[in-house]
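Below: the structure, in structure tokens.
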Amino acid sequence: MLLNTDRTTRRSLFILGLLLLTLAGARPAAAQSGEAYALIQMVNDLRADYGLPPYQIDDSLMAAAQAHSEWAASVGTHSHTGAGGSTPTDRAIAAGFGGGQGVRVSENIYWGGLATAESAFQWWLNSPIHFRGMTSPNYTYIGAGAAHGENGGFYTLNFGVITGEAPPASVQGSSGGGQVAPALPAYVVEPIELAEPNEDGSLVHVVGEGQNLWQIAEAYDVPLSEVLALNRLTEDSIIRPGDSIVIVPAPVEANPEPEGPVIHVVQEGQTLFGIALTYGVAFQTVLDLNGMTENDLIFPGDEILIRPGEATPTPSPGPPTPTPTLTPTPIPTRTLAPLYTPTPEPAISGPPQREGGGIKIGRRAVLIGLLAVLGVAGVGLVVAGLMSREK
């Protein structure tokens with residue numbers, strides 16, 4: 001592959017400048033942002049070498065790529081399958097790419113303990129699959145992301161096109177300096193019999209003898225990164241004859257006017273992220289409803305709660321019936337007569353007191369009278385005794 005010497009020099013100086021800024025104490029966020037734009041510059045320089053128009057930077061693809069790199073750095077590994085089993089297309093649509101129109105998105109990823117923007121680009125340059133994405137005439141827009149974590153650097157490139165928009169025409173002529181642009185590498189694809197869509201709208205390819213993932217993706221004209229994410233595979237995964245590879249997942253059919261709880265039964269190739277997008281429900285809400293995390297995967301036949309059923313409203317009770325207040329009937333106070341009422345005692349001396357026409361004699365007077373009688377009797381006995389002795 002021939003590269004223009006001047007362009008290579010400019011690229012090296014650009015990377016050197018970024019490193020000097022980093023050593024000078026540039027903020028980590030700024031350095032990562034600089035790496036993302038450095039990647040895009042390297043890709044567009046490569047495209048110029050082959051007479052291809054530069055990719056246009058798209059803010060939505062930039063946001064999707066950066067978010068995916070940051071997620072990868074947080075979990076310590078990189079994959080085309082992202083948070084919630086999301087695919088590159090899921091993430092791009094969620095970030096706003098296409099504005100509701102049909103889109104096609106492909107993705108390059110790279111990570112390593114000592115990874116840099118330059119090492120990521122060089123690795124993609126020497127990988128036929130990734131080189132294809134950087135030099136494809138079928139995409140218009142690009143986004144890049146870079147993040148760093150305990151396990152090193154994580155880089156993402158997104159290529160996209162919006163349905164109905166024609167990709168820019170290739171730049172004809174030389175690549176500069178009178179040199180003719182080199183021809184793109186030829187891709188030999190073994191004959192693959194394309195599968196027919198299933199009744200539910202899904203498209204599944206059964207692997208034949210000698211076929212590989214790259215050839216299958218090329219035959220169906222779909223991004224390899226999307227096929228990998230849909231089937232939870234990596235670029236190093238091995239497939240065997242008879243394996244089923246999801247090319248197009250079954251479309252998610254959402255009930256526009258649900259009654260009661262909304263439960264979605266997962267079909268082949270569907271992702272939790274894509275299901276949430278289709279139903280118009282926040283991804284985090286679906287996670288919370290199902291007690292899941294963004295790293296959990298779903299499988300065909302799983303039931304996903306989208307919206308809880310609206311509880312039947314209980315009729316509001318009317319104003320409470322006032323409880324009548326019982327006014328106790330006052331109990332009349334009764335004065336009980338004492339069992340014995342002492343009668344005032346009369347004076348010891350004096351005439352008897354008359355009361356009610358009768359004579360009332362006090363007890364003390366009675367006692368005195370008795371004593372007097374007894375005294376007289378006693379005296380009489382004494383006298384009688386004396387007289388008896390004298391005889």
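Might you check whether a residue that is closer than 18 Å to TYR141 by Cα and of a type in the set (A, V, I, L, M, F, W, C) occurs anywhere in segment 78-93?
Filtering segment 78-93 down to residues closer than 18 Å to TYR141 by Cα leaves 87-93.
Pick out the ones that are also of a type in the set (A, V, I, L, M, F, W, C) and you get 92-93.
Within segment 78-93, one or more residues are closer than 18 Å to TYR141 by Cα and of a type in the set (A, V, I, L, M, F, W, C).
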Reported set for segment 288-301 where residues are open to solvent by less than 60 Å² (accessible area, probe 1.4 Å) and assigned to a loop (DSSP other than H, G, I, E, B) is MET292, ASP296, ILE298, GLY301
Considering segment 64-84, residues that are small (Gly, Ala, Ser) and open to solvent by less than 10 Å² (accessible area, probe 1.4 Å), and then whichever is modelled with the lowest pLDDT, we arrive at GLY84
Apart from one, (1) touching a His at 6+ places or on another chain (Cβ under 8 Å); (2) in a loop (DSSP other than H, G, I, E, B) all hold for TYR110; the odd one out is (2)
So is THR285 at pLDDT 90 or above, open to solvent by 40 Å² or more (accessible area, probe 1.4 Å) and of a type in the set (S, T, N, Q) or not?
yes
Test ASP236 against the criterion of being within 22 Å of the chain's Cα centre (by Cα), open to solvent by 50 Å² or more (accessible area, probe 1.4 Å) and within 25 Å of ALA72 (Cα to Cα), and give yes or no. no
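Got a number for residues in segment 188-233 being within 29 Å of the chain's Cα centre (by Cα) and part of a helix (DSSP H, G or I)?
Here is the first cut: in segment 188-233, the residues within 29 Å of the chain's Cα centre (by Cα) are 202, 225-233.
Checking the rest, the ones that are also part of a helix (DSSP H, G or I) come to 225-230.
Here the count works out to 6.
Residues to consider are ASN126, ASN138, ASN158; find the one that is touching a residue at least 60 places away in the same chain (Cβ under 8 Å) and not aliphatic (A, V, I, L, M). Walk me through how you get there before you give the answer.
On the way: ASN126 fails: touching a residue at least 60 places away in the same chain (Cβ under 8 Å); ASN138 fails: touching a residue at least 60 places away in the same chain (Cβ under 8 Å).
Testing whether each residue is touching a residue at least 60 places away in the same chain (Cβ under 8 Å) and not aliphatic (A, V, I, L, M) leaves just ASN158.
Looking at this structure, is ALA48 open to solvent by 10 Å² or more (accessible area, probe 1.4 Å) and in contact with an Asp or Glu (Cβ under 7 Å, 6 or more places away or on another chain)?
Working: open to solvent by 10 Å² or more (accessible area, probe 1.4 Å): yes; in contact with an Asp or Glu (Cβ under 7 Å, 6 or more places away or on another chain): no.
No; evaluated as a whole, the condition is false for this residue.
Based on what the data block shows, is GLU150 modelled with pLDDT under 85, under 23 Å from THR234 (Cα atoms) and among the acidic types (Asp, Glu)? Talk me through it step by step, then tell me what you get.
Numbers: modelled with pLDDT under 85: no; under 23 Å from THR234 (Cα atoms): yes; among the acidic types (Asp, Glu): yes.
Judged against the criteria, GLU150 is not a match.
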In segment 104-123, residues that are open to solvent by 20 Å² or more (accessible area, probe 1.4 Å), polar (S, T, N, Q) and touching a residue at least 12 places away in the same chain (Cβ under 8 Å) total 1
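Name the single residue, out of those in segment 259-275 being open to solvent by 50 Å² or more (accessible area, probe 1.4 Å) and either at pLDDT below 85 or among the aromatic types (Phe, Trp, Tyr) (or both), that is farthest from ILE306 (Cα to Cα). Explain how you work it out, then say what you get.
Keep residues of segment 259-275 that are open to solvent by 50 Å² or more (accessible area, probe 1.4 Å), which gives 259, 261, 263, 265, 267-268.
Add one more test, that the residue is either at pLDDT below 85 or among the aromatic types (Phe, Trp, Tyr) (or both), and what stays is 259, 268.
Values: GLU259: 12, GLU268: 18 Å.
In this case the residue turns out to be GLU268.
The values are calculated or read from the model by the stated rules, or taken from the named source; none is laboratory data. A quick note: this is a predicted structure, and the numbers were derived from the prediction, not measured. FYI the Cβ positions are ideal-geometry reconstructions off the backbone, even for glycines, and counts take in every protein chain you see. To get the accessible areas, we keep the full protein, side chains included, count just its heavy atoms, and leave off ligands, DNA and RNA. Shrake-Rupley method; radii C 1.70, N 1.55, O 1.52, S 1.80 Å.
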